[in-house]
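Encoded as structure tokens, the structure appears first; notes follow it.
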Amino acid sequence: MRHDATKFVHIGSATVDHYVCISRADAPVKTFKELLTRELVIGASQPGTSTRDYPAMLNNMTASKIRLVSGYPGTREITLAIEKDEVKGLCGFSWSSLQAQRPDWLKSGFIRVLVQEHDKGHPDINKMGVPLAVDFAKSPENRRIMELIYSSETFGRPYMAAPSVPPERIAALRSAFMQTMRDEALLAEAQKTGIEIDPISGEELQALAERIFATPAEVVERAKHALEYRAP
């Protein structure tokens, strides 16, 4: 990269992303535990996207047997492929996007949520009894790599400012952002359109960024290799 990501000033994010693996209810795999011994064909985009990198990491870190059909432009095309039964599932899919794009899938029982690709999990998905992918890591080192990669989800879709913005302006922006995220009219509109508001402050994001960029080089190198796809 031609910039130093640690120099950006974080204002806040409207939501924390929580990614999941889903499969058609009629797929041969019913649980993530079964995915450790049985193959599942899923759709994916190109390298560098969560739909391609996250399932690749699952194969490497948990020994799951995911076979990728990659090259789809995005999640809308992959979900259409699932409906047509071209592929049986999708990983690295944002829970909020699932709720917004295909709210009927869970209600109708068309799909199953196999696993949460997050280090802590979403309260609603936790209530459904869906396990965390990190709990299937083959070693403590593998779990650390998964947690490092999943930490990016906490950033959601952040608002950032340049390093040169005065501290008093940053403080005002951060305060205004969090006040906006608690505004009743905004929350009502978000609920109406199926968008989840789960804000995180700029101060929390700043601290997280510093922790991430302090990760030892050897762990970062292992994390890079963890994203290389190896077919089952």
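The values are calculated or read from the model by the stated rules, or taken from the named source; none is laboratory data. Since the model is a prediction, treat every value here as computed from it, not as a measurement. Every residue, glycine as well, gets a Cβ built from its backbone with ideal geometry; the counts of neighbours run over all protein chains shown.
In region 162-172, is there at least one residue being at pLDDT below 95 and charged (D, E, K, R)? No; the residues of region 162-172 include none that is at pLDDT below 95 and charged (D, E, K, R). Residues in region 129-155 that are in contact with a helix residue (DSSP H, G or I) (Cβ under 9 Å, 6 or more places away or on another chain) and in a loop (DSSP other than H, G, I, E, B): 3 in all. Checking the stated criteria, GLY121 turns out to be surrounded by 14 or more Cβ atoms within 10 Å (Cβ to Cβ) and at positive phi.
Among the residues of region 137-154, how many are aromatic (Phe, Trp, Tyr) and out of contact with any His (no Cβ under 8 Å at 6 or more places or on another chain)? Walk me through how you get there before you give the answer.
Just the residues of region 137-154 that are aromatic (Phe, Trp, Tyr), to begin with: 150.
Okay, now just the ones that are also out of contact with any His (no Cβ under 8 Å at 6 or more places or on another chain), so none.
Total meeting the criteria: 0.
Within region 139-163, the only residue that satisfies the criterion of being of a type in the set (Lys, Arg) and loosely packed, with under 13 Cβ neighbours inside 10 Å is ARG157. Against the condition more than 30 Å from LYS65 (Cβ to Cβ), aliphatic (A, V, I, L, M) and more than 20 Å from the chain's Cα centre (by Cα), how does ALA231 come out, does it pass? When the stated conditions are applied, ALA231 does not pass them.
When PHE136 is tested against the conditions (1) surrounded by fewer than 21 Cβ atoms within 10 Å (Cβ to Cβ); (2) modelled with pLDDT of 95 or more; (3) closer than 26 Å to ALA214 by Cβ; (4) in contact with a Phe, Trp or Tyr (Cβ under 8 Å, 6 or more places away or on another chain), the lone failure is (3).
Within region 164-214, track down each residue that is surrounded by 11 or more Cβ atoms within 10 Å (Cβ to Cβ) and β-branched (Val, Ile, Thr). If the condition is that a residue be surrounded by 11 or more Cβ atoms within 10 Å (Cβ to Cβ) and β-branched (Val, Ile, Thr), then VAL165, ILE170, THR180, ILE195, ILE197, ILE200, ILE212 are the ones that fit.
Here the condition is being aliphatic (A, V, I, L, M), in contact with a His (Cβ under 9 Å, 6 or more places away or on another chain) and farther than 30 Å from ALA63 by Cβ; of ALA188, ALA161, ALA133, it holds for ALA161 alone.
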